[in-house]
1. Once phi is turned into ³J(HN,Hα) by the Karplus curve 6.51 cos²θ - 1.76 cosθ + 1.60 with θ = phi - 60°, what whole-Hz value does each residue of region 68-83 show in order, with x for glycine and proline?
2. Report, as a whole number in µm² per second, the diffusion coefficient that Stokes-Einstein gives for region 339-450 at 4 °C and 1.567 mPa s using the Kirkwood radius over alpha carbon pairs.
3. Where does the charge balance sit around residue 120 when Lys and Arg score +1, Asp and Glu -1, over other residues with C-beta under 9 Å from its C-beta?
4. In region 169-242, if the dipole is taken from +1 on Lys/Arg beta carbons and -1 on Asp/Glu beta carbons about the Cα centre, which of 210, 241, 230 is farthest to the positive end?
5. For 174, 58, 289, what's the largest-to-smallest order of accessible area, 1.4 Å probe?
6. Over region 192-247, how many percent of alpha carbon pairs lie in each 5 Å bin up to the one with the longest distance?
7. Over region 399-535, what is the relative contact order in whole percent, taking alpha-carbon pairs under 8 Å and six or more residues apart?
8. In Å and whole numbers, how far do the C-alpha atoms of region 206-291 stretch along each principal axis, longest first?
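The values are calculated or read from the model by the stated rules, or taken from the named source; none is laboratory data. Small disclaimer: the values here were computed from a predicted structure and weren't measured. Glycine also receives a Cβ, built like all others from the backbone with ideal geometry; neighbour counts cover every protein chain displayed. The accessibility values were calculated without ligands, DNA or RNA, using every heavy atom of the protein model including side chains. Shrake-Rupley method; radii C 1.70, N 1.55, O 1.52, S 1.80 Å.
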Amino acid sequence: MSHIKPLKLSAFALLVLAGCSATMQAQVSTSKELIIAPLAVVKKAPLSENDLKRWSHLDLIKDSIPGMSVDKAYAELLQGKTGQKVIVGIVDSGVDIEHEDLKGMIWTNPKEIAGNGIDDDKNGFIDDVHGWNFLGNAVAENLEMTRIIKKKDDGSAEYKNALAQYNEKYEKALKDKEQVDFLLNVHNTIKKELNKTTYKIEDLSTITSTDPKVTRDKMIMTQIFTNAGSKFDPEAELEDYREQVYDQLNYNLNKEFDGRKVVGDNPDDIKNNYYGNNIVFGPDKEKALHGTHVAGIIAQVRGNNLGGDGITNNVEILTVRAVPDGDEYDKDIALAIRYAVDNGAKVINGSFGKSFSPHKQWVYDAIKYAAKKDVLIVHAAGNDGYNIDETKNINYPNDSQDNIKEFADNVITIGAINKQYGETVVAGFSNFGKINVDVFAPGEEIYATVPNNKYKYLQGTSMASPNAAGVAALIRSYYPKLKASQVKQILMDSGVALPAKVVLGESEDPNKEPVAVSSAESSKTAKIVNAYNALLMAEKMSKK
């Protein structure tokens, strides 16, 4: 899975590759009217630390930031109102259910007696008190393309495509390894000169060595800080980069690695469906970082002066661990969706995706099952900067067996935006497509919970999806009679318009000026999810 884009990875990666070889459209609103009319707005000064931590809650007019107007919705539309609890299923890498900022927000199975070793509710899962872990003690995994080419060449188009993509990805990973090793060497030189592990850009000016290598590395690190910003932490972010690259080579693309053997099931047999355990954060809580961050975006406690704020506190997070550090198995995803549905989830967030899906029909059947049970599935569009309408770029799972015509009306696919409204508002890493991406939501520099009572900025469509899922949960909380398909339509129709032209995807050439295209090419709606608008539209729709 390609979940998280390290905050500064692309910034210093492009810099090293290259260097070592105003006014914008917005939307105006008046009290309790949809935010739709265009108006020229001058961007304000850089965000304060507090605003940065919760920019996805801010309002385009009031704050000059293309957030989802969550604060405005609470202040003007929800005061004095009481919604009902909504169970939100988080199908992900696991959730730290003991996190200080998720207290009171975790689903508890009312039909299960904790710790008695008995399947009290007779659903096949013993002691599933807060959800289920379909991965057991597994953490790292191959990519699906790796698993395909590990099998015998059957001459199929899928095998040939997987082999071609594998070879391309493997070559890139080798180049990335050279780059990260080079950057770590630069970093170690600077640490040695400064005699400290962490440092800021101003510390670099104190280095007076005339050693050519030190001089060169000082210049490189200065460029990186200038490009990445003053908050850049070379120790932490270079380690994130190293871990990502080395994990690709050691696990994701390693044909000799078998991450599944510890689970004990047959991943090619959907009827072999009772496996795993009830430890929903997995064998290593730190590895539940992704799922914990996703859960926090939706449900971290509002207004408690800890970390950031969740979109809604009227939810219970039901954790289904099914996404490893690598590509998820279709079987796990299909069973995870069904588990969340059967235990009362009305919204399911899926911040995962992959390029190949050998048993995609199992997932399609699970999506249809969720549709019959009136459950909305919110899914991340993916982080490759691709047009996923193109057959070669399909992002699974999806809701269109032919990549065009949808077979279900309960899946909404979310792209990511950044905090600067204008032609570059669509995050460069975000996938797009006027057929297969529905709408956008904040996904860059999102601050939320990570394991062991910590907090972190992460970015990706993985973060945009729970922002949208949080708004969906708000709607389902205050307007419970609306169907999943209606909530999907509200999220799409009520959004704030993107600028007329936007830049889509990431340029492979850092020296080439990106070209803006019609925002109609970005998605079905060319809009950004907006909680204020969505609740106004839900109010009207609920009265019909």
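1. Along region 68-83, the couplings run 9, 6, 5, 4, 4, 5, 5, 6, 10, 10, 10, 4, x, 9, 10, x Hz.
2. On the way: Rh = 14.8 Å.
Here the translational diffusion coefficient equals 88 µm²/s.
3. Result for the local shell: -2.
4. Value: 210.
5. 174, 289, 58
6. In whole percents, the pair-distance histogram is 4, 17, 27, 25, 16, 9, 2, 0.
7. Values: 259 pairs, mean separation 41.2, N = 137.
Relative contact order for region 399-535 comes out at 30 percent.
8. Principal extents (Cα only, largest first): 66, 28, 19 Å.
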